[in-house]
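*Asks:* Okay, handing you the structure first.
The values are calculated or read from the model by the stated rules, or taken from the named source; none is laboratory data. In this text, all values refer to a predicted model and were calculated from it rather than measured experimentally. Backbone-built Cβ (ideal geometry, glycine too); neighbour counts: all protein chains shown. Surface accessibility is based on the protein's heavy atoms, side chains included, excluding ligands, DNA and RNA. Shrake-Rupley method; radii C 1.70, N 1.55, O 1.52, S 1.80 Å.
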Amino acid sequence: MRVVVGADDAIATGANLVAEVVAARPDATLGFATGATPAPLYAELARRRQAGLVDFSRAHAVALDEYLGLAPDHADSYAHQLHREVTGPLGIAREHCDFLRGDAPDPDEECVRYERVLARGVDLQVLGIGRNGHIAFNEPGTDVASRTRVVQLAPSTRQANRGLLSTLADTPEAALSQGVGTILEARRILLIARGAAKAEALERALRGPVDPACPASALQLHDDVTVIADEEAAAGLAQAGAIRST
Ligand code: F6R
């Protein structure tokens, strides 16, 4: 596991990794997290694309998760957010994007379909981390072998994500989410953490035991994980002198 701490340095490291994956395989499949954390990474990638430094025209995009019940054209759906903030600015063609359908008539069947999509191979999966240690919408208690499925959202997650949707009452109580086991099958993983609110979760994920109580700790089982964090999110690691690059 490689851990890079800093503001600009860390974002550059993350962008270099994405660019490296696409340079090696122009038709790479990239898994994108939504949420606030990866925004500077996506902005940097869009800047590099504008400057002609990286080309995503043959790349494919998949999602980590989606709110149950939201159609892709719903402004608060993750599919909509990904098109608006990631695949659009990066120039990834719509026909190369295959996201979970929150409005699928049979959500369980949609999760099975998505496992088949992901089984073709994810070259790089970008992840954020929840304050409670979740990755995608795998809340504490999730088995490390879990697959893509319908999940109930923890009250704290609904609360934390409230700003993205109109009101807490409007925030769906369930989502479709890649499982921890599904995520671990990506060839490479890039975990991003920003802000003091993520410090405890990041410390547990990287330094604690592999424990379903902190789903992100399962990343210790993967052999190609890069973690980029700002100083605030890495506070617990720094105090323990545990920042390392291996
Ligand atoms: C988003 C996702 C979530 C977020 C996490 C952090 O697709 O799967 O696990 O990465 O909730 O969210 P932010 O970045 O908004 O703090």
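Yes/no per residue for (1) crowded, with 18+ Cβ neighbours inside 10 Å; (2) in a strand (DSSP E or B):
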site: Arg101; (1), (2): yes, no
site: Pro105; (1), (2): no, no
site: Cys111; (1), (2): yes, no
site: Glu115; (1), (2): no, no
site: Leu118; (1), (2): yes, no
site: Gly121; (1), (2): no, no
site: Gln125; (1), (2): yes, yes
site: Gly141; (1), (2): no, no
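*Asks:* With respect to the numbered conditions (1) more than 18 Å from the chain's Cα centre (by Cα); (2) assigned to a loop (DSSP other than H, G, I, E, B); (3) touching a residue at least 40 places away in the same chain (Cβ under 8 Å), which one is the sole condition not fulfilled by Ala233?
*Replies:* (1)
*Asks:* If you don't mind, another one. Spot the failing condition for Thr148; the list is (1) surrounded by 21 or more Cβ atoms within 10 Å (Cβ to Cβ); (2) more than 20 Å from Gly102 (Cα to Cα); (3) among the β-branched types (Val, Ile, Thr); (4) more than 12 Å from the ligand (Cβ to nearest atom), and only one is missed.
*Replies:* (2)
*Asks:* Looking only at residues that are aromatic (Phe, Trp, Tyr) and touching a helix residue (DSSP H, G or I) at 6+ places or on another chain (Cβ under 8 Å) in region 49-89, which one is nearest to Pro107 (Cα to Cα)?
*Replies:* Tyr67
*Asks:* Moving on to the next point. Somewhere in region 102-113, is a residue under 16 Å from the mean Cα position of the chain (by Cα) and within 15 Å of the ligand (Cβ to nearest atom)? Walk me through how you get there before you give the answer.
*Replies:* Just the residues of region 102-113 that are under 16 Å from the mean Cα position of the chain (by Cα), to begin with: none.
No: zero hits.
*Asks:* Then there's this: If you scan region 161-174, which residues turn out to be in a loop (DSSP other than H, G, I, E, B) and either at pLDDT 95 or above or in contact with a helix residue (DSSP H, G or I) (Cβ under 6 Å, 6 or more places away or on another chain) (or both)?
*Replies:* Listed by number, the residues that qualify are Leu168, Thr171.
*Asks:* In region 53-89, what residues are open to solvent by 40 Å² or more (accessible area, probe 1.4 Å), under 17 Å from the mean Cα position of the chain (by Cα) and in contact (Cβ under 8 Å) with a residue 24 or more places away in the chain?
*Replies:* Matches in region 53-89: His60, Glu85.
*Asks:* Then there is this: Condition first: at pLDDT below 95 and either open to solvent by 20 Å² or more (accessible area, probe 1.4 Å) or of a type in the set (Val, Ile, Thr) (or both). Can you find one or more residues in region 209-225 that meet it?
*Replies:* Within region 209-225, not a single residue is at pLDDT below 95 and either open to solvent by 20 Å² or more (accessible area, probe 1.4 Å) or of a type in the set (Val, Ile, Thr) (or both).
*Asks:* Of the residues Ala169, Ala201, Ala196, which is of a type in the set (A, V, I, L, M), surrounded by fewer than 23 Cβ atoms within 10 Å (Cβ to Cβ) and under 19 Å from Ala7 (Cα atoms)?
*Replies:* None of the other options fit; the residue is Ala196.
*Asks:* Return yes when Arg158 is surrounded by fewer than 16 Cβ atoms within 10 Å (Cβ to Cβ) and either within 12 Å of the ligand (Cβ to nearest atom) or outside any loop (DSSP other than H, G, I, E, B) (or both) and no when it is not.
*Replies:* Judged against the criteria, Arg158 is not a match.
*Asks:* Which residues, taken from region 47-73, are of a type in the set (Ser, Thr, Tyr) and within 16 Å of the ligand (Cβ to nearest atom)?
*Replies:* Within region 47-73, just Tyr67 meets the criteria.
*Asks:* Restricting to region 79-117, give me the number of residues that are touching a Gly at 6+ places or on another chain (Cβ under 8 Å) and not hydrophobic (A, V, I, L, M, F, W, C). Step through it out loud before you land on a result.
*Replies:* In the first step, residues of region 79-117 are kept if they are touching a Gly at 6+ places or on another chain (Cβ under 8 Å); the result is 79, 102-103.
Those still in the list that are not hydrophobic (A, V, I, L, M, F, W, C) too: 102-103.
Of the residues in that region, 2 qualify.
*Asks:* Hey, another quick one. Confirm whether Leu190 is buried (at least 23 other Cβ atoms within 10 Å of the Cβ) and either free of Cβ contacts under 8 Å to residues at least 60 places away in the same chain or away from the ligand (no atom under 11 Å from the Cβ) (or both).
*Replies:* Yes.
*Asks:* When the residues of region 2-35 are filtered to those that are of a type in the set (Gly, Ala, Ser), under 22 Å from Tyr78 (Cβ atoms) and at pLDDT 95 or above, which remaining residue is nearest to the ligand (Cβ to nearest atom)?
*Replies:* Ala33
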